1. List, please: which pairs have Cβ atoms under 9 Å, are six or more places apart or on different chains, and start with a residue in region 123-148 that is on the phi > 0 side of the Ramachandran plot and end with one that is buried (at least 24 other Cβ atoms within 10 Å of the Cβ) and assigned to a helix (DSSP H, G or I)?
2. Run down 81, 105, 67 and say which single residue is without any contact (Cβ under 8 Å) to a residue 12 or more places away in the chain and either outside the structural domain of residue 145 (by TED's automatic domain parsing) or within 13 Å of residue 143 (Cβ to Cβ) (or both).
3. Counting only residues that are of a type in the set (S, T, N, Q), give me the helices (runs of 4 or more DSSP H) lying completely in region 89-174 with at least 1 of them.
4. Which of the residues belonging to region 220-236 are modelled with pLDDT under 90 and touching a helix residue (DSSP H, G or I) at 6+ places or on another chain (Cβ under 8 Å)?
5. Within region 181-190, is there a residue that is exposed (fewer than 14 other Cβ atoms within 10 Å of the Cβ), farther than 28 Å from residue 57 by Cα, among the small types (Gly, Ala, Ser) and outside the structural domain of residue 62 (by TED's automatic domain parsing)?
6. For region 58-70, what are the residues that are surrounded by 15 or more Cβ atoms within 10 Å (Cβ to Cβ) and assigned to a helix (DSSP H, G or I)?
7. May I ask you to list the residues in region 197-210 that are in contact (Cβ under 8 Å) with a residue 12 or more places away in the chain and part of a helix (DSSP H, G or I)?
8. Go through region 73-96 and count every residue that is more than 16 Å from residue 57 (Cβ to Cβ) and of a type in the set (D, E, K, R).
Amino acid sequence: MTSKHVDNANRAALSRAKANGHNGEAISSKEPVAVPQERPLKFRDEVAQLKRDRIVDTAADLFYEHGYANTTLDAVAEQMGFSKAFIYSNFSSKPELLVEICIRGVAHVHEAVEGALNLRLDTRTTLALVVERYVSSVLKYQKYIAVYTREEKSLPVDEAIRANEKRRQFFSMIADFIERGRDEGVFKSDDPLLSALTLGGSVTWMAFWYREGGRLQPHEIASNITRSTMLMLGAADADK
């Protein structure tokens, strides 16, 4: 290789080094490499959330089976195979744990129904989808919903007020949908809010009587409640 070829090769190598941000400096194999911190931090957050989720799930099981008043944090810790200190490292008290259960249950149901309404399908299709997702969400978080319904009286006063406001917003959302359907001539309802509460009562009560593997499957329950709601709302083709 001639000196001209060597010079050209050196210049090409230097250009590549500059393009890679080395500015012509020697590249050392010992140069420290920055380790991204985002993943380790995210991993720790995920582990912490999994711990909280497990505590909440275990507490929901025990509150559902034995009642809030009859369940201690010692019982929750024992069920998990940990010390009570593990519980306190995530929740400061039993009331705080109850609040978390109630908030999660309400939030999941609200999100499911709101998602169906936001699809902006035709009114009858929307009603069927609302009921289907309402039923599915209540059954998926059955123990959360049952605990919230039964133990709401045990919530701290400020949290009970907050829960009542969330519930009011939820049923107002359904009532607004029923009112729109009435304005379209699809539904007949003298009191859309009462109709929404009636629907809510029939779905929420499943949290107490439904048992997996029972006579009716979730889709059959949803179909029956949809038909009953159509009849209640005086939908013209409810019998189809």
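The values are calculated or read from the model by the stated rules, or taken from the named source; none is laboratory data. A quick note: this is a predicted structure, and the numbers were derived from the prediction, not measured. Quick reminder, even Gly has a Cβ in these numbers, built from the backbone with ideal geometry, and neighbours come from all protein chains shown.
1. So the pair list comes out empty.
2. Working: 105 fails: without any contact (Cβ under 8 Å) to a residue 12 or more places away in the chain; 67 fails: without any contact (Cβ under 8 Å) to a residue 12 or more places away in the chain.
Of 81, 105, 67, the one residue that is without any contact (Cβ under 8 Å) to a residue 12 or more places away in the chain and either outside the structural domain of residue 145 (by TED's automatic domain parsing) or within 13 Å of residue 143 (Cβ to Cβ) (or both) is 81.
3. Numbers: elements: 94-117, 123-140, 142-151.
It comes to 123-140, 142-151.
4. Matches in region 220-236: 235 only.
5. Yes, some residue in region 181-190 is exposed (fewer than 14 other Cβ atoms within 10 Å of the Cβ), farther than 28 Å from residue 57 by Cα, among the small types (Gly, Ala, Ser) and outside the structural domain of residue 62 (by TED's automatic domain parsing).
6. Here is the first cut: in region 58-70, the residues surrounded by 15 or more Cβ atoms within 10 Å (Cβ to Cβ) are 58-64, 68.
The answer is 58, 59, 60, 61, 62, 63, 64.
7. Going through region 197-210, the residues in contact (Cβ under 8 Å) with a residue 12 or more places away in the chain turn out to be 197-200, 202-204, 206-208, 210.
Correct list: 197, 198, 199, 200, 202, 203, 204, 206, 207, 208.
8. In the first step, residues of region 73-96 are kept if they are more than 16 Å from residue 57 (Cβ to Cβ); the result is 74, 83-85, 88-89, 92-93, 95.
Next, only the ones that are of a type in the set (D, E, K, R) stay: 74, 84.
Matching residues across region 73-96 total 2.
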